């Protein structure tokens, strides 16, 4: 590790990696690019990354390293391509976080919770405990302990002087079985471990060398059981503590991410020129539409937010002359671009408009692009503003659906499936979490199904009921005394009353 500083490593609180000090053979191409960018601390051209990796001795199987690096990049990777053809890191990417932890780059490593140490078996000079005797009897299903050693154990724990009937009674209580002892199997002439007194009471000689052997035999049976019970209890306590800490950490994360101001933006473009922009405040649902000369204040408007949500947000911000690295960005364009429909190889091309329509039920979510161009050409700014307002409402409904399900819907003929997305923050509770919370609190919910909620009154079509169950496919509600089952993917919105 290097002692010098870079912007990325300072922000992530990690050590600066040095490629020559690492085993580069264990990393894939994306991870190699991450290492180079962390080492340098600024966006780099593909040629610069390739040169640095070549200097460190990295080669490509196909003979062209730059092509291998380019092919490795995907939407889920922490490496992104900027509109300036430079490659940068998404510092809030989960994969980057786990990569840093896996490769031991953190400066302040999270303290590992110590695993419970194994309990120590007592020395055989120590008397047996009631628990040891009880566990030995429970683990004696194959007769590993003779009646003599069982008697020694009872006398060691409850004695040292007991009548034979008392010993039998104790063994019956511990084993829950009928026990019958015989003096001939207990008393040995050549042994002074157990003696019988004139009154018929059995007495244990604690100074006999045979006593340690008897204790050892009993402990060999009882202690594996005791260790298992103690380790299980210790692990359960550790997991309970970890769960409490995780819940506390989750609450803090929810509170922190709830403070983030998010903006959803939609643009009207012709070529590389932006003629109109709609900006929606995710919390207040306030919409600002800018056209023409009004676009000059777009930088001031967007600087109020920390997160930008759009289709291809980085390219859009670059078109507006803004540095996308100032914001966290969420791209509503799905990482999955195609879907194979049959064995013949028919391919369905997946577009954002298709996913928005299939998820929200809005027939034409982003309008007709030809009409938008006509509005711009004929300078009909009011019509353009209305169109942009409609578009931003569709994107809002789509984004809310994705947050609710952590997925978006694809429907085409017989095909009806969900494509997983990760566009939310800890403060964005899913349908499953909200349903479970309502069941826990015994409070009714309202849901909107099939098509996206209306804009003016989102809950005008709401169905109210009590959640009885939720599984991977259905949500069950008691509505007006009747059980109704709803397909989870049809649910557009839910709130706890």
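Computed values, structure above
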read-out: Which listed residue, of 401, 425, 432, is surrounded by 14 or more Cβ atoms within 10 Å (Cβ to Cβ) and either at pLDDT below 90 or at positive phi (or both); value: 425
read-out: Filtered residues of segment 10-22 (kept if part of a helix (DSSP H, G or I) and without any contact (Cβ under 8 Å) to a residue 60 or more places away in the chain); value: 10, 19, 20, 21
read-out: Some residue of segment 130-137 being under 27 Å from residue 177 (Cβ atoms), exposed (fewer than 15 other Cβ atoms within 10 Å of the Cβ) and either at pLDDT 85 or above or touching a strand residue (DSSP E or B) at 6+ places or on another chain (Cβ under 6 Å) (or both); value: yes
read-out: Where residue 458 falls short, out of the listed (1) within 15 Å of residue 397 (Cβ to Cβ); (2) in contact with a helix residue (DSSP H, G or I) (Cβ under 9 Å, 6 or more places away or on another chain); (3) surrounded by 15 or more Cβ atoms within 10 Å (Cβ to Cβ); value: (2)
read-out: Strands (runs of 3 or more DSSP E) lying entirely in segment 309-409 (those with 1 or more residues that are under 22 Å from residue 422 (Cα atoms) and in contact with a helix residue (DSSP H, G or I) (Cβ under 9 Å, 6 or more places away or on another chain)); value: 328-331
read-out: Subset tally (residues that are part of a strand (DSSP E or B) and touching a helix residue (DSSP H, G or I) at 6+ places or on another chain (Cβ under 7 Å)) for segment 461-479; value: 4
read-out: Selection within segment 422-458 - in contact with a strand residue (DSSP E or B) (Cβ under 6 Å, 6 or more places away or on another chain) and assigned to a loop (DSSP other than H, G, I, E, B); value: 423, 443, 444, 452, 453
read-out: Residues located in segment 480-496, provided they are outside any strand (DSSP E or B) and loosely packed, with under 11 Cβ neighbours inside 10 Å; value: 480, 481
read-out: Residue count for segment 52-69, restricted to those that are out of contact with any strand residue (DSSP E or B) (no Cβ under 9 Å at 6 or more places or on another chain), closer than 16 Å to residue 85 by Cα and surrounded by 15 or more Cβ atoms within 10 Å (Cβ to Cβ); value: 1
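The values are calculated or read from the model by the stated rules, or taken from the named source; none is laboratory data. Bear in mind the structure is a predicted one, so any value in this text is a computation, not a measurement. All Cβ positions, even for glycine, are placed from backbone atoms using ideal geometry, and neighbour counts span all protein chains on display.
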